[in-house]
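Here's the structure, in C-alpha cells; my notes come after.
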Amino acid sequence: MIKQILVKRFSDFTDRPQSFQDRKFFDSAVNVASGEHWKFLRTTLSPTFSSGKMRNMTPLISRCLERLIENARNNSENGKSVEMKSLFGSFTMDVICSTGFGIEVDSQRKPNHPFVVNARKAMSANLVGPRILLATMFPDLRRFIRNIPLMDKSALDFFIEATKSVIKERRNSTSNNYRDLIQLMINAHKEQDTKTEEQVGLNFDSYKKRGLTDNEVLANALMFLLAAFDTTSSLLTFTSYLLAMNQDVQDKLRLEIDDKLGTNEPCYDNVFKLQYLDMVVSETLRMYTPASRFSRTAIMDTEVCGIKIPKGLDITVVANAIHFDPEFWPNPHKFDPERFSPENKDNIKPFTFLPFGAGPRNCIGKRLALTEAKMAIVDMVRNFRFITAPDTEIPPKLQKGGLTKPANGMYLKLEAL
Ligand code: HEM
C-alpha cells in the first residue's frame with residue numbers, strides 16, 4: 001500500500017496536507033507547495049543537490065569539520081562528558097549556513113553571531129521544533145500549532161533581509177566561485193520574468209518559463225535551514241550513542257576507516273565507498289529515525305489496494321513503527337549493522353526502510369545529509385573513542401513529537417586517540 005501511495009499512484013497523492021493557505025510566504029517552499037507548483041520547484045531545485053554539486057560543497061563541509069574536532073577537543077578536556085546534541089547541532093548549523101547561504105559561522109564559539117541567534121530563534125518553537133516543518137510533515141500536530149505564529153517574526157524578518165542582501169551581493173558579483181545552495185538557486189532564477197505564481201497560472205510549462213522568483217529563493221533557503229538542522233544532528237547524536245554502547249562496532253568501523261582512507265581527508269568521493277560506515281549509519285537511521293513520520297494527501301477520490309480513499313484524506317506513513325516491526329526486522333531492538341551488509345541487504349523488504357521517505361517526493365536533501373554526516377563520523381571516530389559516562393542516559397528518553405531527539409541531552413565521554 002505504501003509503495004502504491006508513494007510511487008505507483010503518486011499522481012493521486014502528489015501533495016502534503018495543506019494547512020497554511022493564509023501563509024503565502026511558505027507556500028513557495030518545496031515541502032509545502034502543491035500540484036504543478038511543487039513539480040516545478042522540485043524539478044528546478046533537484047539539480048542543486050546532484051552528486052556534482054555535493055562534491056563541490058566538500059571543501060565547505062571540511063572547514064566546518066575542522067571546527068567540530070576542535071570544539072570536541074576543547075569540550076572534552078579533563079575527561080568531562082560532552083553533550084553530543086549541541087556539539088553536533090553546532091556542526092550542522094555551521095554546515096547549513098555555509099552550504100546553504102555561503103556564510104561562515106562558528107556557532108559553538110560565536111553563539112552571538114546574528115545568523116546563529118536568529119537560526120536558533122527560528123528553530124526553537126514552544127513545542128518541539130520548527131513549527132512549519134512539523135506542521136507540514138506531521139499533520140496530526142496541526143491542531144496544536146494552528147494559532148501560533150509559524151516562526152518567530154523577528155527571525156523571519158532577519159532571514160528575509162539577510163537572504164535578500166546575499167542575493168543582491170551575488171548578482172553584483174563577477175566571481176563564479178560560489179557553490180552554496182543560494183547561488184545555485186540564483187542561477188535557476190530568470191530575472192526578466194518575476195511574475196508571481198498567481199500570474200503564471202497553474203501550468204507546469206508556464207512555471208518553467210519563468211525560473212525561480214525572489215520569494216521562492218527566500219522560502220526555500222529558509223526551509224533548507226529548518227529541514228537540515230535537527231534531522232542531521234539527530235543522526236550524528238544517535239550514531240555516537242550507539243557506537244559508545246557497541247565498542248566492537250566502533251572498533252570495526254575505525255579499522256575500516258584506517259584501512260580504506262589511510263591519512264586521506266574524508267570527502268564526498270571516499271566516504272560513500274566505506275561499506276561498514278554505510279551499514280552503521282543505516283542501522284542508526286532505522287532505530288532512531290530522525291523524521292519518524294511523513295504524509296501525503298489524496299488529491300482526488302481514488303482507491304488503493306481495494307480501499308476507497310476520498311479526496312482530501314491525509315495519509316501518514318509512520319516509518320518509525322515499520323522500522324520496529326518484527327515481521328520485517330527480527331529482534332528489532334537490537335543494534336545490528338549486519339542487517340545492511342551486502343549479503344543481507346537484498347533480503348530487506350522494499351518500503352520497510354524509509355528514513356528519507358520514498359518516491360518522487362522523498363527527501364531532497366538526502367545526499368547532503370549523508371555526505372556531511374558520514375564525513376563527520378569518519379573524522380570523529382578517527383580522533384576520539386566514544387564512551388558512555390555516568391551521566392549517559394541508557395536508553396535515552398526521547399522527546400515527544402515528530403522529530404526524534406534525546407529529551408535530556410546525550411552525554412558521552414570522548415577519549416582522544
Ligand atoms: C538525516 C537527515 C535527514 C532526514 C532523516 C530527512 C528526512 C526527510 C523525510 C522523511 C522527508 C519526507 C519524505 C517523504 O515525504 O517521502 C523529508 C523531506 C524533505 N527534506 Fe529531509 N531529511 C534530512 C535532511 C535534510 C536536509 C539536509 C535537507 C536540505 C538541505 C532536507 C530537505 C528536505 C525537504 C526540502 C523535504 C521536502 C521535499 C518535498 O516535499 O519535495 N532534508 N526529509
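The values are calculated or read from the model by the stated rules, or taken from the named source; none is laboratory data. Because the structure is a prediction, the values reported are computed rather than measured. Methodologically, a virtual Cβ is constructed for each residue, glycine included, from the backbone with ideal geometry; neighbour enumeration extends over all protein chains shown. With ligands, DNA and RNA removed, areas are computed over all heavy atoms of the protein, side chains included. Shrake-Rupley method; radii C 1.70, N 1.55, O 1.52, S 1.80 Å.
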* If PHE351 passes every condition in (1) away from the ligand (no atom under 14 Å from the Cβ); (2) farther than 19 Å from ALA373 by Cβ; (3) at pLDDT 95 or above but one, which one does it miss? -> (1)
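Is it fair to say ALA358 is more than 28 Å from ARG254 (Cβ to Cβ), within 16 Å of the ligand (Cβ to nearest atom) and at pLDDT 95 or above?
yes
Could you tell me whether the range 253-264 includes any residue that is acidic (Asp, Glu) and at pLDDT below 95?
Checked the range 253-264: no residue is acidic (Asp, Glu) and at pLDDT below 95.
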* Identity of the residue in the range 172-208, out of contact with any strand residue (DSSP E or B) (no Cβ under 9 Å at 6 or more places or on another chain) and among the charged types (D, E, K, R), that ends up modelled with the highest pLDDT -> ASP180
* Criterion: in a loop (DSSP other than H, G, I, E, B) and open to solvent by 30 Å² or more (accessible area, probe 1.4 Å) - qualifying residue of PRO350, PRO332, PRO355 -> PRO350
* Structure fact -> Just one listed residue, out of SER295, SER282, is in contact with an Asp or Glu (Cβ under 6 Å, 6 or more places away or on another chain), more than 21 Å from THR58 (Cα to Cα), within 16 Å of the ligand (Cβ to nearest atom) and touching a residue at least 60 places away in the same chain (Cβ under 8 Å), and it is SER295
* To do: Scan the range 4-26 residue by residue and report those that are more than 12 Å from the ligand (Cβ to nearest atom), modelled with pLDDT of 90 or more, in a helix (DSSP H, G or I) and open to solvent by 30 Å² or more (accessible area, probe 1.4 Å).
  => GLN4, LYS8, SER11
* To do: Give just the number: which of (1) of a type in the set (S, T, N, Q); (2) within 16 Å of the ligand (Cβ to nearest atom); (3) touching a strand residue (DSSP E or B) at 6+ places or on another chain (Cβ under 6 Å) does THR302 not satisfy?
  => (2)
* Asked: Where residues in the range 27-63 are in a loop (DSSP other than H, G, I, E, B) and either of a type in the set (Ser, Thr, Tyr) or touching a strand residue (DSSP E or B) at 6+ places or on another chain (Cβ under 7 Å) (or both), which of them is surrounded by the fewest Cβ atoms within 10 Å (Cβ to Cβ)?
  -> SER50
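Which residue, of LEU285, LEU235, LEU222, is under 30 Å from TRP38 (Cα atoms) and modelled with pLDDT under 95?
When all the criteria are applied, what remains is LEU222.
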* Identify the residue in the range 360-412 that is within 13 Å of the chain's Cα centre (by Cα) and of a type outside the set (A, V, I, L, M) and, among all such residues, is farthest from LEU6 (Cα to Cα). => GLU372
* To do: Among residues belonging to the range 239-251 that are more than 17 Å from ALA416 (Cα to Cα) and touching a residue at least 60 places away in the same chain (Cβ under 8 Å), point out the one that is most open to solvent (accessible area, probe 1.4 Å).
  => MET245
* Tally, over the range 380-399, of residues that are in a helix (DSSP H, G or I) and open to solvent by 20 Å² or more (accessible area, probe 1.4 Å) -> 2
